[in-house]
Amino acid sequence: VSSIQKYRPAYHYSPAEGWMNDPNGMVYFGGEYHLFYQYTTHGAKPDFANMHWGHAVSKDLLHWEELSVALKPDDNGAIFSGSVVVDQDNRTGFFNEEGSGLVAIYTNAGNKTIPGKDQVQSIAYSNDNGRTWSKYDGNPVLLPADTADFRDPKVFWYGPSSEWVMTLAVKDRVEFYKSPNLKEWSYASSFGAEVAGSHRGVYECPDLVQIPVDGDPSNTKWVLIVSVGDRNGINDSDPEPPAGGSGIMYFVGEFDGTTFIPDDQVTSEGDIRWVDHGSDCYAAVTWSNMTTETGNPLWLGWMSNWRYANLTPTVDWRGAMTIPRELALETRSGKETLVQRPARELGQLGAPVVSLKEVKASEAQSALSALQLDSYVIRAELDAKESLAFKVRTSADQETVVGYDSGLKELYVDRTRSGQVEFHEDFAARHTAAVAEPTDGKLDLLVYVDRSSVEVFASRGQAVITDLIFPEPSAKGLGLLTEKGDLKLHSLEIHALTSEVR
Ligand code: FRU
């Protein structure tokens, strides 16, 4: 393995060279899933004064093609996070009558042209499927009143009032703005300053999505998603996300086109709900203009954490995205809960290398110990009364342990011996997520393993842990840990994910 390919994911998106953080501008258009992203072209460190939008497309959410850079810094500043919408009816006037095109809404950061307005919102348009972009000559289109943190516009079309709605991260809150044409914006409302215990860092990358409850399209809720930063901390006494550093919270409620009203009062830190209990899912946002066949949003996140993001041991590139995931809202233990499941496309892969039913742990263990794999998915159905763990990416002295503790009803990932861990003192850690009591006594587990990550989904996506790992390329073993050899797994399947991105 050449040094630039060491740790290169097989089926997660990563840029060939350079630095990548947040996903931006995700939109489905012309048969392609677009993924733009925060990108520094040279050197694998973030250069915030020189941030671009990189660009990749995929037809199947598994193979990604890297295209040339979409947006470069200009007189209004570097290009920070934002979104893309389809201007179906040419409301902007940017497009000719026959066609509709794409409009990007992004933050210019480090703006010097307007004194005291460091972060402003600007727009650009494309009529060639996002390959080339023209910046609007009336930029910027939205200026801050006073605060320095004013960024990450995520825009969606709100049908009932025929206008676009923007969620914007403004220091300790999300502000909502509205526009008929993406050029003129008016303030609508704000949410978050009042939420106790949620202000360890500034709010970043908000997103507001409407999701059916338990799959019923006639009963929907609005879910407000907010990333909380690790840099630029604003209240050190507020709690950290479950695995420390940067994390993502969510609020379930109602939205009337102007105001977001949470269903539950959020008056203490215990009321805060986290999307992922691992360390490495941040700044996730949804594809702006589509739902899956089941009416649910699709999203992905940046698979890292600002705490150590620019120290991870890759060479000449840094940063990968999570797998694309479907978001659903399901009643669990009487509460509407945000669950995440791998996008359906990722479940339609080649033949399994292991497929066992009602198998004894000792037999499963011998099947696993015969394998040498570095990118694959484990699907297992366990007896929820028993504890069990898989070891992945193992060698004589390396292993990542993914398990379920039935006594604590807890999912965990232990990456303390996962390979390179010394680059930051917080990296070697064990992360846990509470698992809601399964109703039928069975616990389903999905473990997506790649060259430098594990993503674990338990109980149909209710408990999720996303963690980076940096094992040696030769650490390809698998194993099983149980207290009893005669314990039975209801099922165990392993699919190799061989699809190379490059
Ligand atoms: C989140 C973030 C955004 C900002 C971008 C800069 O990770 O800090 O708030 O727009 O990264 O790259």
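The values are calculated or read from the model by the stated rules, or taken from the named source; none is laboratory data. Just so you know, these numbers come straight off a predicted model, no measurement behind them. Note that we place each Cβ from the backbone using ideal geometry, even for glycine, and neighbour counts take in every protein chain shown. Ligands, DNA and RNA are excluded from the accessible area calculation, which covers all protein heavy atoms including side chains. Shrake-Rupley method; radii C 1.70, N 1.55, O 1.52, S 1.80 Å.
Key figures
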{"item": "Candidate set from the stretch 457-484 (those that are touching an Asp or Glu at 6+ places or on another chain (Cβ under 7 Å) and of a type in the set (Ser, Thr, Tyr)); member that is surrounded by the fewest Cβ atoms within 10 Å (Cβ to Cβ)", "result": "459"}
{"item": "Close pairs from the stretch 134-153: first open to solvent by less than 40 Å² (accessible area, probe 1.4 Å), partner away from the ligand (no atom under 16 Å from the Cβ), Cβ under 7 Å, at least 6 apart", "result": "138/183; 141/183; 141/185; 142/177; 142/185"}
{"item": "Count - residues of the stretch 297-328 that are open to solvent by less than 10 Å² (accessible area, probe 1.4 Å) and farther than 18 Å from residue 13 by Cβ", "result": "4"}
{"item": "Tabulated pairs, the stretch 164-177, first touching a residue at least 24 places away in the same chain (Cβ under 8 Å) and closer than 9 Å to residue 153 by Cα, second open to solvent by 20 Å² or more (accessible area, probe 1.4 Å) and outside any strand (DSSP E or B), C-beta under 8 angstrom, 6+ apart or interchain", "result": "166/185; 169/149"}
{"item": "Every pair of residues 6+ apart whose Cβ atoms lie under 6 Å, when the first sits in the stretch 275-288 and is farther than 13 Å from residue 455 by Cβ while the second is open to solvent by 10 Å² or more (accessible area, probe 1.4 Å) and more than 13 Å from the ligand (Cβ to nearest atom)", "result": "286/209; 287/28; 288/156"}
{"item": "Number of positions in the stretch 137-166 that are assigned to a strand (DSSP E or B) and closer than 18 Å to residue 86 by Cβ", "result": "10"}
{"item": "Any hit, the stretch 362-370, residues being in contact with an Asp or Glu (Cβ under 9 Å, 6 or more places away or on another chain) and in a loop (DSSP other than H, G, I, E, B)", "result": "no"}
{"item": "Residue count for the stretch 384-399, restricted to those that are of a type in the set (S, T, N, Q) and touching a Phe, Trp or Tyr at 6+ places or on another chain (Cβ under 9 Å)", "result": "1"}
{"item": "Hey, residue 161 touching a residue at least 24 places away in the same chain (Cβ under 8 Å), more than 16 Å from the ligand (Cβ to nearest atom) and touching a Lys or Arg at 6+ places or on another chain (Cβ under 9 Å) or not", "result": "yes"}
{"item": "Yes/no for residue 85 being touching a residue at least 40 places away in the same chain (Cβ under 8 Å), more than 14 Å from the ligand (Cβ to nearest atom) and buried (at least 16 other Cβ atoms within 10 Å of the Cβ)", "result": "yes"}
{"item": "Strands (runs of 3 or more DSSP E) (entirely within the stretch 420-502) containing at least 1 residues that are of a type in the set (S, T, N, Q)", "result": "430-434, 453-458, 463-468, 477-482, 488-496"}
{"item": "The stretch 97-133: number of residues that are more than 13 Å from the ligand (Cβ to nearest atom), under 14 Å from residue 53 (Cβ atoms) and either open to solvent by 50 Å² or more (accessible area, probe 1.4 Å) or aliphatic (A, V, I, L, M) (or both)", "result": "8"}
{"item": "Search result, residues across the stretch 320-360 that are in contact with a Gly (Cβ under 6 Å, 6 or more places away or on another chain) and of a type outside the set (Val, Ile, Thr)", "result": "340, 341"}
{"item": "Meets criteria (among the hydrophobic types (A, V, I, L, M, F, W, C), within 16 Å of the ligand (Cβ to nearest atom), open to solvent by less than 50 Å² (accessible area, probe 1.4 Å) and on the phi > 0 side of the Ramachandran plot) for residue 281", "result": "no"}
{"item": "Positions within the stretch 121-137 being among the β-branched types (Val, Ile, Thr) and touching a Ser or Thr at 6+ places or on another chain (Cβ under 7 Å), in sequence order", "result": "132"}
{"item": "Hits in the stretch 148-171 - residues which are among the β-branched types (Val, Ile, Thr) and closer than 14 Å to residue 190 by Cα", "result": "165, 167, 170"}
{"item": "Residue count for the stretch 371-404, restricted to those that are without any contact (Cβ under 8 Å) to a residue 60 or more places away in the chain, open to solvent by 40 Å² or more (accessible area, probe 1.4 Å) and within 22 Å of residue 358 (Cα to Cα)", "result": "1"}
{"item": "Residue list for the stretch 43-56, restricted to those being open to solvent by less than 20 Å² (accessible area, probe 1.4 Å) and more than 19 Å from the chain's Cα centre (by Cα)", "result": "44, 51, 52"}
{"item": "Filtered residues of the stretch 276-305 (kept if hydrophobic (A, V, I, L, M, F, W, C) and touching a Pro at 6+ places or on another chain (Cβ under 9 Å))", "result": "283, 284, 285, 287, 290, 298, 299, 300, 302, 303"}
{"item": "Residues of the stretch 1-25 classified as closer than 23 Å to residue 85 by Cα and within 13 Å of the ligand (Cβ to nearest atom), total", "result": "6"}
{"item": "In the stretch 169-221, residue surrounded by the most Cβ atoms within 10 Å (Cβ to Cβ) [restricted to those that are away from the ligand (no atom under 16 Å from the Cβ) and within 18 Å of the chain's Cα centre (by Cα)]", "result": "209"}
{"item": "Cross-chain or 6+ apart pairs with Cβ under 8 Å, the stretch 189-204 first and among the aliphatic types (A, V, I, L, M), then part of a loop (DSSP other than H, G, I, E, B) and more than 16 Å from the ligand (Cβ to nearest atom)", "result": "195/266; 195/272; 196/266; 196/267; 196/268"}
{"item": "Whichever residue in the stretch 57-82 is of a type in the set (Val, Ile, Thr) and within 15 Å of residue 18 (Cβ to Cβ) and, among such residues, is most open to solvent (accessible area, probe 1.4 Å)", "result": "69"}
{"item": "Tally, over the stretch 26-42, of residues that are open to solvent by less than 50 Å² (accessible area, probe 1.4 Å), within 16 Å of the ligand (Cβ to nearest atom) and either within 15 Å of residue 301 (Cα to Cα) or assigned to a loop (DSSP other than H, G, I, E, B) (or both)", "result": "7"}
